[in-house]
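Working notes, structure below.
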Amino acid sequence: MVDIPFWRRKALAEMTDTEWESLCDRCGRCCLVKLEDEDSGDIAYTDVACRLFDAGACTCSDYANRQAKVPDCVRLTPETVEQIGWLPPTCAYRLVQEGRDLHWWHPLISGDPETVHSAGISVKGRVAGAEGAFGVFELLDRIVSWPLSWPHGARGRRRAP
């Protein structure tokens, strides 16, 4: 009998802390600064990262204390995943919440944490800088659409080299 992976047999709320954390592919898209239009509520991504984001490692530099240091950092929970509309379409939490499967580049599938980068999913090499380096009006010039799209070839099966 084939063992069914936890993300296919459990709802987000049923996952252990270890399972929950392993769903994050470390793409960094959620760590990009987002701007909300006060009138429409629309969210725009920028290519500017949170001040705690380590662009080289593509991770939070102080994950354990991130909410104390960055008060508007959103802690993902099963409830917030369902409520917030700005999670990128590639996000494993969003995919699982929507009843979809993980893709070939996700480290839980590939067994390699580098595939999220080689598939073009992560923000690695695409971050203009940390939010402290930009003023409010400069952020408007940093709005990008790529965090809300799928890179070419990232949806399909990985092709043999």
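Would you check if residue 52 is closer than 26 Å to residue 154 by Cα and at pLDDT 95 or above? Criteria not met by residue 52.
Among the listed residues 49, 64, which satisfies the condition of being surrounded by 13 or more Cβ atoms within 10 Å (Cβ to Cβ), within 18 Å of the chain's Cα centre (by Cα) and not hydroxyl-bearing (Ser, Thr, Tyr)? Before you say what the answer is, go through the steps one by one.
Values: 64 fails: surrounded by 13 or more Cβ atoms within 10 Å (Cβ to Cβ).
None of the others qualify; the one that does is 49.
With 59, 77, 90 as the choices, which residue is crowded, with 18+ Cβ neighbours inside 10 Å, at negative phi and not charged (D, E, K, R)?
On the way: 59 fails: crowded, with 18+ Cβ neighbours inside 10 Å; 77 fails: crowded, with 18+ Cβ neighbours inside 10 Å.
From the options 59, 77, 90, the qualifying one is 90.
Of all the criteria given as (1) aromatic (Phe, Trp, Tyr); (2) loosely packed, with under 12 Cβ neighbours inside 10 Å; (3) in contact with a Pro (Cβ under 9 Å, 6 or more places away or on another chain), the one not satisfied by residue 137 is (3).
How many of the residues making up region 3-14 are touching a residue at least 60 places away in the same chain (Cβ under 8 Å) and under 20 Å from the mean Cα position of the chain (by Cα)? Break it down into steps so the answer makes sense when it comes.
Narrowing region 3-14 to residues touching a residue at least 60 places away in the same chain (Cβ under 8 Å): 5, 7-8, 11-13.
Checking which are under 20 Å from the mean Cα position of the chain (by Cα) leaves us with 7-8, 11-13.
Number satisfying all stated conditions: 5.
Residue-level check: of (1) at pLDDT 95 or above; (2) part of a loop (DSSP other than H, G, I, E, B); (3) among the hydrophobic types (A, V, I, L, M, F, W, C), residue 108 misses just (2). All conditions in (1) loosely packed, with under 12 Cβ neighbours inside 10 Å; (2) touching a Leu at 6+ places or on another chain (Cβ under 7 Å) hold for residue 99, with the sole exception of (2).
The single condition among (1) modelled with pLDDT of 95 or more; (2) under 20 Å from residue 154 (Cβ atoms) that residue 139 does not satisfy is (2). Could you tell me which of the residues 14, 82, 36 is among the charged types (D, E, K, R) and modelled with pLDDT of 95 or more? Only one candidate qualifies: 14.
The values are calculated or read from the model by the stated rules, or taken from the named source; none is laboratory data. Only a predicted model underlies this, so the values are computations on that prediction, with no experimental measurement involved. Neighbour counts are summed over all protein chains in view; Cβ atoms, including those assigned to glycine, are modelled from backbone coordinates with ideal geometry.
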